[in-house]
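The values are calculated or read from the model by the stated rules, or taken from the named source; none is laboratory data. Here the structure is a predicted model, which means the values were calculated and not measured. Neighbour counts are summed over all protein chains in view; Cβ atoms, including those assigned to glycine, are modelled from backbone coordinates with ideal geometry. Side chains included, ligands, DNA and RNA excluded: accessible areas come from the protein's heavy atoms. Shrake-Rupley method; radii C 1.70, N 1.55, O 1.52, S 1.80 Å.
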Amino acid sequence: MGLTRGGYRIAVAGADDGPSGPDEVYEHCGLERPVARLAELAGESPDGFAVVLDSANGIMDAPLAALGIPVLRADPPVLTDGRVTARSLAALGRDSPEALTALPPDGWTLAGREGAITAAEAASGPVERELAEQGLLLAGGGGAAPLVALTFDDGPHPEYTSRILDVLARYDAPAAFFCIGLHALAHPGVVRRIAAEGHTLGNHSWSHAYLPDLGPIGLRAQLGFTADALAHACGGTRPSRWLRPPYGGRSPELLRSVAGSGLSTALWDVDAKDWSRPGAEVVAERVLSGVGPGSVVLMHDGGGDRSQTVAALPEVITGLRRRGYRIVGLDELLAARPVRAVRPAASF
């Protein structure tokens, strides 16, 4: 399974040396069509079938796992700056499966890399503090004023994002939506509604990529394609300067590259872990018990069934207000902190 600026490509490599027909192209659509096609192909392959993804594709593993389809992941140095094609991935799966990582059925996209990821995040601490002082990174927490920002990742989704927007409108609460470019391409009307209702549109990469894997070309594509899709949906208006790296994945080099492009990194200090679907009451309690002045709350409007998030949101909003917190946008939360330095011009 490969990705392009227009959408998804499926290439099939059989037992022989050649591809089984031309690439199948799925563009300007949600995940449903390519995932359904992969399910068909799996059903037509009695001798075994697996899908090869790369670490720049973090949106396909969950739906494939739900269908019981084995997934193999390609990592550096197999990748070429995140620009590997569907055909080359299929060939890797056939010819060099030992170079790939088999994802556990109940695991996550980056399973097996936890140690290296943790080390990269730990090494990022000094750069994070430096950028936070410059107003180029917001991690959440540690504020003086009783302000809280709500953020949602992995959309837009035609059902769940819209339902979340309904709740936010009912309670007159702002939020930030960190959008995946491929989803924005498929659902521009939802993007327009987010912007029209005054919420922040943020960049969450083109395909939920692990950004530290990418070099300059791959990073520019992941962030630039997404910015273009959001701008196109909004009639040419560029999205906000906020980026949230998928998984919170970061390295010192990535953070400096992002800041040098004029984007500010938004992390979080309160994780609702709504992706685990523990029940709406648990989601709300995790948020309300975890917040403090200056908190940034992470929830999700895409990437799966988010009905529990929708159900929890009224209690999250009313509970925060009962505790004396005011819900604000990321820009206002950042402005409440002392910052220095001039933000460079954006290049993405």
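In region 256-280, the qualifying residues are those that are under 16 Å from His204 (Cβ atoms) and not hydroxyl-bearing (Ser, Thr, Tyr), and the one that is most open to solvent (accessible area, probe 1.4 Å) is Trp275.
Could you please let me know if Arg163 is closer than 19 Å to Leu31 by Cβ, over 16 Å from the mean Cα position of the chain (by Cα) and not polar (S, T, N, Q)? The answer is yes for Arg163.
Results for (1) open to solvent by 10 Å² or more (accessible area, probe 1.4 Å); (2) farther than 29 Å from Glu128 by Cβ; (3) outside any loop (DSSP other than H, G, I, E, B); (4) in contact (Cβ under 8 Å) with a residue 24 or more places away in the chain, shown as yes or no for each residue.
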| site | (1), (2), (3), (4) |
| --- | --- |
| Pro158 | yes, yes, no, yes |
| Val190 | yes, yes, yes, yes |
| Ile194 | no, no, yes, yes |
| Leu201 | yes, no, yes, yes |
| Ser207 | no, no, no, yes |
| His232 | yes, yes, yes, yes |
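If you go through region 227-259 and keep only what is at pLDDT below 95 and small (Gly, Ala, Ser), you end up with Gly235, Gly236, Ser240. Within this structure, Pro63 fails the test of being surrounded by 13 or more Cβ atoms within 10 Å (Cβ to Cβ) and either closer than 24 Å to Ala99 by Cβ or in contact with an Asp or Glu (Cβ under 6 Å, 6 or more places away or on another chain) (or both).
Residue-wise test of (1) under 12 Å from Ala86 (Cα atoms); (2) under 18 Å from the mean Cα position of the chain (by Cα); (3) buried (at least 18 other Cβ atoms within 10 Å of the Cβ).
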| residue | (1), (2), (3) |
| --- | --- |
| Gly2 | yes, yes, yes |
| Arg5 | no, yes, no |
| Ala11 | yes, no, yes |
| Gly21 | no, no, no |
| Glu24 | yes, no, no |
| Cys29 | no, yes, no |
| Leu41 | no, no, no |
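Looking for something over 17 Å from the mean Cα position of the chain (by Cα), within 30 Å of Val190 (Cα to Cα) and modelled with pLDDT under 90 - is there at least one such residue anywhere in region 139-152? For region 139-152, residues over 17 Å from the mean Cα position of the chain (by Cα), within 30 Å of Val190 (Cα to Cα) and modelled with pLDDT under 90: absent.
Scanning region 308-332 for residues that are open to solvent by less than 40 Å² (accessible area, probe 1.4 Å) and of a type in the set (Lys, Arg) turns up nothing. Evaluating Pro278 against the criteria (1) without any contact (Cβ under 8 Å) to a residue 40 or more places away in the chain; (2) in a helix (DSSP H, G or I) leaves one unmet condition, (2). Of the numbered criteria (1) within 16 Å of Glu159 (Cβ to Cβ); (2) part of a strand (DSSP E or B), the one Val296 fails is (1). Determine whether Ile164 is surrounded by 22 or more Cβ atoms within 10 Å (Cβ to Cβ) and closer than 19 Å to Leu313 by Cα. So Ile164 fits the description; yes. If you go through region 98-126 and keep only what is of a type in the set (A, V, I, L, M), open to solvent by less than 40 Å² (accessible area, probe 1.4 Å) and within 22 Å of the chain's Cα centre (by Cα), you end up with Leu103, Leu110, Ala111, Ile117, Ala120.
Could you check, for region 46-53, whether at least one of its residues is within 18 Å of the chain's Cα centre (by Cα) and surrounded by 14 or more Cβ atoms within 10 Å (Cβ to Cβ)? Yes, because at least one residue in region 46-53 is within 18 Å of the chain's Cα centre (by Cα) and surrounded by 14 or more Cβ atoms within 10 Å (Cβ to Cβ). Restricting to region 281-297, name every residue that is closer than 24 Å to Leu334 by Cα, of a type outside the set (A, V, I, L, M, F, W, C) and open to solvent by 10 Å² or more (accessible area, probe 1.4 Å). Arg286, Ser289, Gly290, Gly292, Pro293, listed by residue number.
Are there any pairs, at least 6 apart or on different chains, whose C-beta atoms fall under 6 Å, with the first in region 136-151 and assigned to a strand (DSSP E or B) and the second among the polar types (S, T, N, Q), and if so, which? Filtered contacts from region 136-151: Leu137/Thr265; Val148/Ser295. Could you say whether any residue in region 82-97 is open to solvent by 50 Å² or more (accessible area, probe 1.4 Å), in contact (Cβ under 8 Å) with a residue 40 or more places away in the chain and closer than 19 Å to Leu211 by Cβ? Yes - at least one qualifying residue is present in region 82-97.
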